[in-house]
Amino acid sequence: METQKMTTKSVSFTNNRIFITFALFLLLGLPASFIPEETYLKWLLINFSIAVLLTVVNYMIWTKQKNDSKRYFSLHSFVMMLGLAFYATSPILRLIYPSMYFWILLGGLILYTVFLLSKYDAIAGGLLNPRKKGFKLLVFSFFSIVFVAGSSIWGYMLASDAAPVNEVAIIMFFLGLFLLMVAPSMLVTPKRAEELKAPEHN
């Protein structure tokens with residue numbers, strides 16, 4: 001009975017963290033617009049618009065899930081991680097555009113995202129219990145995309161006559177990959193999360 005009460009706890013508007021997350025989007029998204037500097041005005045507008053759009057999405061989630069705090073905050077975190085992952089990965093893509101390495105990296109990111117979203121249950125299980133096979137799947141997929149991404153960036157640096165890729169953009173890119181890897185786990189329901197924690201679950 002106590003668990004049920006905790007699961008259905010309501011979230012007031014003042015505690016929904018929507019504006020805090022919006023500020024976080026701006027904190028990362030607006031500085032990321034300056035890489036590369038030549039396109040910063042356009043990307044300032046784009047990144048600000050995305051921050052507003054994601055904030056609206058979080059508000060809509062709150063209106064639907066405000067009576068279930070666990071479910072609301074998990075979906076809220078999912079949107080937040082996807083937004084931050086976009087801001088972190090986009091500078092490196094803009095730097096290597098329009099080379100073929102851009103298309104290799106973009107294609108790898110799209111396939112990786114689709115793969116992760118389709119395996120959200122296994123990812124959650126792996127994070128909640130690292131001994132399960134889902135964790136190995138998570139680690140293997142992460143290092144696979146890191147290899148593809150690293151190869152594309154390295155290939156661009158060797159083939160291009162332009163200045164070397166900004167080191168800050170590279171660090172942000174791999175931070176974005178990590179967020180992208182963890183985000184799908186937030187899609188599981190609180191009930192399913194408890195099931196995945198159980199030692200007998202495979």
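Rounded to two decimals, what is Rg over Rh for the chain when you use alpha-carbon atoms and the Kirkwood radius?
Radius of gyration relative to Kirkwood radius: 1.02.
What helices does the chain have that are whole DSSP H segments, at least 24 Å long along their own axis by Cα, and with mean Kyte-Doolittle hydropathy of 1.6 or more?
100-118
How would 38, 195 rank on accessible area, largest to smallest, probe 1.4 Å?
Listed by decreasing accessible area, they come as 38, 195.
For a quick check of understanding: with a 1.4 angstrom probe and all protein chains in place, what accessible area in square angstrom does residue 112 have, to the nearest ten?
Looks like 10 Å² after rounding.
Go ahead and estimate [θ] at 222 nm for the chain from helices alone: -39,500 (n - 2.57) per DSSP H run with n ≥ 4, summed, over the residue count, rounded to 500.
So the calculated ellipticity at 222 nm is -25500 deg cm²/dmol.
Where does each of 14, 39 land when they are ordered by accessible area, with a 1.4 Å probe and the largest first?
14, 39
Decide, for the stretch 8-86, between rounded, prolate and oblate: order the square roots of the alpha carbon gyration tensor eigenvalues as a ≥ b ≥ c, take rounded if a/c falls under 1.5, and otherwise choose prolate if a/b is larger than b/c, else oblate.
Taking the square roots of the gyration eigenvalues as a ≥ b ≥ c, the stretch 8-86 is prolate.
Given the whole protein assembly as supplied and a 1.4 Å probe, what does the accessible area of residue 66 come to in Å², nearest 10?
For residue 66, solvent-accessible area is about 80 Å².
Give the accessible surface of the chain per residue, rounded to a whole number of Å², with probe radius 1.4 Å and ligands, DNA and RNA excluded.
I get 57 Å² per residue for this part.
The values are calculated or read from the model by the stated rules, or taken from the named source; none is laboratory data. What you are looking at is a predicted structure, and each value in this text was computed from that prediction instead of being measured. Ligands, DNA and RNA are excluded from the accessible area calculation, which covers all protein heavy atoms including side chains. Shrake-Rupley method; radii C 1.70, N 1.55, O 1.52, S 1.80 Å.
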